[in-house]
Amino acid sequence: MSETVTEKKKVIFSAIQPSGTITLGNYLGALQNWVRLQEDYNCIFAVADLHAITVRQDPKAFRQNILNAYALFLACGIDPEKSPFFIQSHVHTHAELAWVLNCYTQFGELSRMTQFKDKSQKHPDNINAGLFTYPSLMAADILLYQADLVPVGIDQKQHLELTRNIAERFNGIYGNTFKVPEAYIGQVGAKVMSLQDPTRKMSKSDENVNAWVGILDKPDVIMKKFKRAVTDSEARVCVGEGKDGINNLIGIMSAVTGKTNDEITAEFEGKGYGDFKTAVGEAVVETLRPIQERFDDFIANKDYLAEQYRRSAEFALRLSQRTLDKVMKKIGYLAK
Ligand code: ATP
Ligand code: LTN
């Protein structure tokens, strides 16, 4: 692990919350890119479990979800021997730097975050301070590792902009301390939409389970969800304005098969939406099948998982402590 990370490759950092199911949107928008990027960059990944308590979690289910997320990411192809992959709450520098950055983040900036607005609407009875300051913790995650690039779906772009602003502000006051990171948004699958309301992103917290496909959904469930996907009345498989549902299905098909939109349109010329939905469902089932099989193996091997997340956390702590020490010194804290 340490050999690869000391080479002069660019540093990538990213994380995903372990909130229940991981969806096809998370996979195509984020995870799939992580796996590809491992070859060419020094990647560091995390399960963002500190972020997850911005919405209420049931302790037993939460513990299981964290481990499931860890095993699932390994099943998707994250290799912790190559790319340190840790659990955020195991590395205390994250919460510490988050507090510091909170004091360099403006109320007005946080108030403009669309994720905060969306989530406060979804959970009106629990608009907690953590939900509001969530982006400062995310900035801490990224800045601790002096990351050059952060692979995320489009919905996280605004948080990345804020991270850059915080880094630039801090550097402006104290001199160069943080690398100013850039978002890395993949070409395909950057925004997978809901199967029930294709004007909204596919989100695992959607109450309508037919709106999203989970990576661990069984084949018959996946097929059913695609067959019920909302489309339009034109009945032509091609990308077009006002055809959000079909555009989304073509996007998914393209992301899982590697075919272009034109190739897909040509293939389904003269065929109805029913055939197309079945074909997309089958392609997704085939993409997820090997991941599901590997997941079953990993989750049965808890010792292996613990060995990987512990070793990765030790590595992450060593690296991130360097940045935190630098930050504390620059601010004027007394050395220990
Ligand atoms: P929630 O439903 O709780 O908002 P989420 O499904 O959006 O959760 P996150 O943990 O917030 O999941 O996101 C994890 C990663 O997956 C992020 O990089 C995000 O950009 C990406 N992502 C999430 N949903 C989609 C989507 N529908 N299409 C593409 N990428 C997505
Ligand atoms: N907020 C992110 C998850 C996340 C993250 C990060 C992504 C937490 N910390 C650091 C990239 C870098 C989300 O995907 N909802």
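With the convex hull of the Cα atoms taken as the outline of the range 264-336, the averaged projected area works out to 10.4 nm². Each Lys and Arg adds +1 at its Cβ and each Asp and Glu adds -1 at its Cβ; summed about the Cα centre, the chain shows a dipole of about 960 debye.
Using only alpha carbon pairs under 8 Å that are at least six residues apart, calculate the relative contact order of the chain and give it in whole percent. Numbers along the way, then the final one.
Values: 508 pairs, mean separation 73.4, N = 336.
Computed value for the chain: 22 percent relative contact order.
The packing ranking of peptides 261-273, 128-140, highest mean first, is 128-140, 261-273, where packing means the average number of other beta carbon atoms within 10 angstrom of each residue. Lys/Arg Cβ at +1, Asp/Glu Cβ at -1, dipole of the chain taken about the Cα centre: which of Leu288, Leu97, Leu131 is farthest positive-ward? Of Leu288, Leu97, Leu131, it is Leu97. Each label was represented as a point 7 Å from its Cα along the Cα-to-Cβ direction; for Glu207 and Lys9 these points are 4.5 nm apart.
When the gyration tensor of the range 101-219 is built from Cα positions, what are the square roots of 5 times its three eigenvalues, in whole Å, from largest to smallest?
Semi-axes (√(5λ), whole Å): 30, 18, 11.
Run the numbers for Asp155 and Asp58: contour at 0.36 nm per residue of separation, minus the present Cα-Cα distance, in nm. Let's see the in-between values first.
On the way: separation 97, 0.36 × 97 = 34.92 nm, distance 2.60 nm.
Working it through step by step, the gained length comes to 32.3 nm.
Here the gap between Cys238 and Asn176, fully extended at 0.36 nm per residue and compared with their Cα-Cα distance, gives a gain of 17.4 nm. Give me the one-decimal Kirkwood hydrodynamic radius in Å for the range 52-102, with the sum taken over alpha-carbon pairs. Evaluated over the range 52-102, this radius sits at 12.8 Å. For the chain, dividing the convex hull volume of the Cα atoms by the residue count gives 146 Å³ per residue. Considering only Leu72, Leu31, Gln88, and ranking their Cα positions along the charge dipole of the chain that arises from unit charges at the beta-carbon of Lys, Arg, Asp and Glu, the one farthest toward the positive end is Gln88. Between Gly242, Tyr174, Gly274, the Cα set farthest toward the positive side of the dipole of the range 164-278 (charges on each charged residue's Cβ, about the Cα centre) is that of Tyr174. Shape summary: the range 3-142 maps onto an equivalent ellipsoid whose semi-axes, from the alpha-carbon gyration tensor, are 26, 19, 14 Å in decreasing order. Taking the DSSP beta bridges with both ends in the chain, the antiparallel portion is around 15 percent. When shorter helices are ignored and each DSSP H run of at least 4 residues is given -39500 (n - 2.57), the per-residue value for the chain at 222 nm works out to -16500 deg cm²/dmol.
Of the solvent-accessible surface of the range 130-184, computed with a 1.4 Å probe over protein heavy atoms with every protein chain present, carbon and sulfur atoms account for 49 percent. A simple spin-label model places pseudo-atoms 7 Å from Cα toward Cβ; at Lys122 and Asp220 they are separated by 2.9 nm.
Using a cutoff of 8 angstrom between alpha carbon atoms and counting only pairs six or more residues apart, the relative contact order for the range 81-239 works out to 17 percent. Computed over the alpha-carbon pairs of the range 170-259, the distance histogram in 10 Å steps reads 15, 39, 23, 9, 11, 3 percent, short to long. Once the Cα-Cα distance is subtracted from the 0.36 nm per residue extended length, the Val100 to Arg294 segment shows a gain of 65.9 nm.
If packing is taken as the average number of other Cβ atoms within 10 Å across a peptide's residues, how do 162-168, 102-108 rank, most packed first? Don't jump to the answer; show the numbers that get you there.
Working: 162-168: 20.3, 102-108: 12.6.
Final packing ranking: 162-168, 102-108.
Helices that extend 15 Å or more along their long axis by alpha-carbon positions and average at least -0.5 on the Kyte-Doolittle scale are, among the DSSP H runs of the chain, 59-76, 129-144, 244-257, 273-299.
When the dipole is taken about the Cα centre of the range 37-134, and only Lys, Arg (+1) and Asp, Glu (-1) are charged at their Cβ, what size is it in debye, to the nearest 20? Walk me through the numbers before you get to the answer.
Details: 8 positive and 10 negative charges, 90 e Å.
For the range 37-134, the charge dipole is close to 440 debye.
Highest mean packing comes first when the peptides 237-246, 300-309, 37-46, 23-32 are listed by Cβ atoms within 10 Å, giving 23-32, 37-46, 237-246, 300-309.
The values are calculated or read from the model by the stated rules, or taken from the named source; none is laboratory data. Predicted model only: the values in this text are computed from it and were never measured. Every residue, glycine among them, receives a Cβ derived from its backbone with ideal geometry; neighbour counts consider all protein chains shown. The accessibility values were calculated without ligands, DNA or RNA, using every heavy atom of the protein model including side chains. Shrake-Rupley method; radii C 1.70, N 1.55, O 1.52, S 1.80 Å.
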